[in-house]
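Worksheet: one structure, shown below.
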Amino acid sequence: MNGHGSGRRAAWSPLFFSLVMVAGMILGFNLRDTLRNKRDVSTVFQRNDRLEEIIDLIGDKYVDSVDRNLLYKNSISGILKNLDPHTVYIPAEDMQRETEDLEGSFSGIGVEFAIVRDTIQVTSVIENGPAGAAGVEIGDQVIKVGDSLVAGVKITTERIVHLLRGKQKSHVYVTLRNAETGHIKNFPITRDVIAVKSVEADILLDDTTGYIKLNKFSANTGVEFHKALQRLVGKGAKQLIVDLRDNPGGYLDAATSIADEFLDEKKLIVYTQGLHMPKTEYRAGKTGKFEAGRLALIVDEGSASASEILSGAIQDWDRGIIVGRRSFGKGLVQEQYEMADGAGLRLTVAKYYTPSGRCIQRTFAKGRQAYMEDYEKRFSSGELSGATNDVREDTTPYYTAARRIVHGGGGIKPDVFVPYDTNKINGAVSEALYGTEVKTAVWDFFIRNHGKLNYKSVDQFRSDFKGADDLVATSLKSLGLSTKEGLLKRLKKPAAIAYFKSQLTAQLARLLFHDNGYYAIALGDDDDVKAAMEALAGSTYSGLIGGK
């Protein structure tokens, strides 16, 4: 089974290998050990007799019954509360999904789905995957998995994931109903390894500009990115936009591998250092595929960790420009330790520094709650809208290769700032676009018109599709009265209705042409991409990387 989370720009994304924004930023990335080579916590920590004694006394003498495991879990939370926000304890029951997210694969059947009116609808079948080979088609409804009825029983995403995933080469029997014909089919599917994509899209925006969307940095990201870059260069890309918005990070090796595609001559990419960790440098090594073409990286307040390592290296070497809004600000390094019960501790062991010597970690002096509420603070202060943009926690000047001044603390500040357009994107519009009612309306439109939507390419769809107004009307009709009234007020603004229509059309394009289809349509009304294109085409680019 395959899935991933949607941000405010995506819809109908697969649902069960998502990197939730905040959770991803908390998890950070593992520098020295992958999840396949975990360090045993017993080699590091000795038994705390006082803690054991207290919990034993509570268990033996307390007036009411208590859950000892819960006491241990709460004790751990109390200990970690005094450390940084990125040191986290991961219960054993959550470790498998965390591992799959970062390792970049799991064993399943290879479909993406959505739960519509309490029924699992197959929204995508992975090419060359087990489900496709067995005969599963887009639009099929999953009625039973094995002996378990899964339709009309208020099934949850977690439950269906549990039923469909399993050991590689094991069999799962599914009963499907075709949404158009009502035909029932029942057959076994042999589970196999399903890759979790970190390169969400790779397309040409025009004859010479390539675009790559990265949603995380997993174990497979370097290879995925290299292949995507090869495809785009083969199609004629002379300049490149890498979209890191809402990318919470992942493995350092993935970030350095991608940076190595752009940097030459053993240039420093990042170095790490901590009280108990000696300074370790990571440098470019191989001859990269794109060491000369014009380059723009798009970041925002959700770009964290490995995203900032890549952005910092590109900015410090003046290899390309950074477009968008200030990044998250995570400059801490975690190592993962495995505990006896299968749980894990991701412990901050070092800080990382960009080539100019800056650490971009933002302050957490006011506690974890204030740290995680930073987005709301940026919004209320006017930073996201551009009312104020001179935000710096560290006033120490650092210098890029071209002697431009940059600063540490608080994230990577872009070279080209793009404000968050509240006339176009606001709470009412976003909630409607990514809410259940509108997603269901888009799906119903797709099923109802499936026979007419026989476009051979996304370019043909973009030029020939005339149903956008009908799609908008269908979506508005699906909303409750109060939601609809609030949305209609927002949609009176031309920018908002244009964005709403574009996003609905992009959601439909995703059902027809997967993620590349979504981005091919959605990026046509994307302010960050427009700003990047303008900067790449004009004198802004050479002025910035030349140090002017």
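Hey, for a label at D470 modelled as a point 7 Å past Cα toward Cβ, could you say which residues of the range 504-547 have their backbone N under 15 Å away?
505, 508-509
Could you tell me how far the Cα centroid of the range 102-121 sits from the Cα centroid of the range 347-395, in Å?
35
To the nearest 500 deg cm²/dmol, what mean residue ellipticity at 222 nm is calculated for the chain from DSSP H runs of n ≥ 4 alone, each contributing -39,500 (n - 2.57), summed and divided by the residues?
Rounded to the nearest 500, the figure is -11000 deg cm²/dmol.
Taking 7 Å along the Cα-to-C-beta vector as the label spot, tell me the L57-R159 distance in nanometres, rounded to one decimal.
Computed distance between label sites L57 and R159 equals 4.4 nm.
Projected area of the range 294-421, taken from the Cα convex hull and averaged over every viewing direction, in nm²?
Averaged projected area of the range 294-421's Cα convex hull equals 9.3 nm².
For the range 199-420, what is the percent of antiparallel DSSP beta bridges, rounded to the nearest 5?
Within the range 199-420, antiparallel bridges account for around 55 percent of the total.
Considering only C-alpha atoms, what is the centroid distance from the range 312-332 to the range 179-214, in Å?
Cα centroid of the range 312-332 versus Cα centroid of the range 179-214: 30 Å apart.
Which percent of Cα-Cα pairs in the range 199-420 sits in each 10 Å bin, short to long?
With a bin width of 10 Å, the distribution comes to 8, 33, 36, 18, 4, 0.
Evaluate E = 1/(1 + (r/R0)^6) for D459 and K366, where r is the Cβ-Cβ distance and R0 equals 41 Å; express this FRET efficiency to the nearest 0.05.
0.25
Listed here are the pairs K197/K492; K216/K286; K286/K530; K227/K267; K452/K489; which of them are more than 28 Å apart at the Cα?
K197/K492; K286/K530; K452/K489
Suppose R0 equals 41 Å; then what is the FRET efficiency for K477 and K227 from their Cβ-Cβ distance, rounded to the nearest 0.05?
So, using R0 = 41 Å, E works out to roughly 0.45.
Say a site is exposed when it is one of the chymotrypsin sites (Phe, Trp or Tyr not before Pro), sits in a DSSP loop, and has at most 14 other Cβ atoms within 10 Å; what is then the longest site-free stretch of the chain?
It runs 63-548.
Counting Lys and Arg as +1 and Asp and Glu as -1, each charge on the Cβ, what is the dipole of the chain about the Cα centre in debye, to the nearest 20?
Approximately 720 debye in magnitude.
For the range 427-530, report the convex hull volume of the alpha-carbon atoms normalised per residue, in Å³, without decimals.
99
Label-point separation (nm) for A387 and T540, each offset 7 Å from Cα along Cα-to-Cβ?
Taking the two extended label points, one gets 2.4 nm.
Antiparallel versus total DSSP beta bridges in the chain: what percent is that, nearest 5?
On the way: 51 of 71 bridges.
Around 70 percent antiparallel, to the nearest 5.
Return V406, V429 ranked ascending by Cβ neighbour count within 10 Å, so the fewest neighbours appear first.
Working: V406 20, V429 23.
With the sparsest Cβ surroundings first, the list reads V406, V429.
List S124, S430, S305 from most exposed to least, where exposure is judged by having the fewest other Cβ atoms within 10 Å. Display every interim value, and only then the final one.
Numbers: S124 23, S430 16, S305 32.
Neighbour counts put them in this order, fewest first: S430, S124, S305.
Students often get this wrong: which residues of the range 304-335 have the backbone nitrogen under 11 Å from the point 7 angstrom along Cα-to-C-beta of K266?
None, by backbone N distance to the label point.
How far apart, in nanometres, would the label points at I79 and Y375 be if each is projected 7 angstrom from Cα along the Cα-to-Cβ direction?
Rounded to a tenth, the inter-label distance reads 3.1 nm.
Determine, for T505, T280, the number of other Cβ atoms within 10 Å of each Cβ, and report the residues in order from fewest to most. Could the numbers behind the result be given before it?
Values: T505 23, T280 15.
Least crowded to most crowded, the residues run T280, T505.
Taking the C-alpha atoms of the chain, how large are the radius of gyration and the largest Cα-Cα span, Dmax, in Å?
Gyration radius and largest Cα-Cα distance of the chain: 24.4, 75 Å.
Values quoted throughout were computed directly from the atomic coordinates according to the rules given, and no laboratory measurement underlies them. These numbers were taken from a predicted model, which means no experiment stands behind them. Virtual Cβ from ideal backbone geometry, glycine too; neighbours counted across all protein chains shown.
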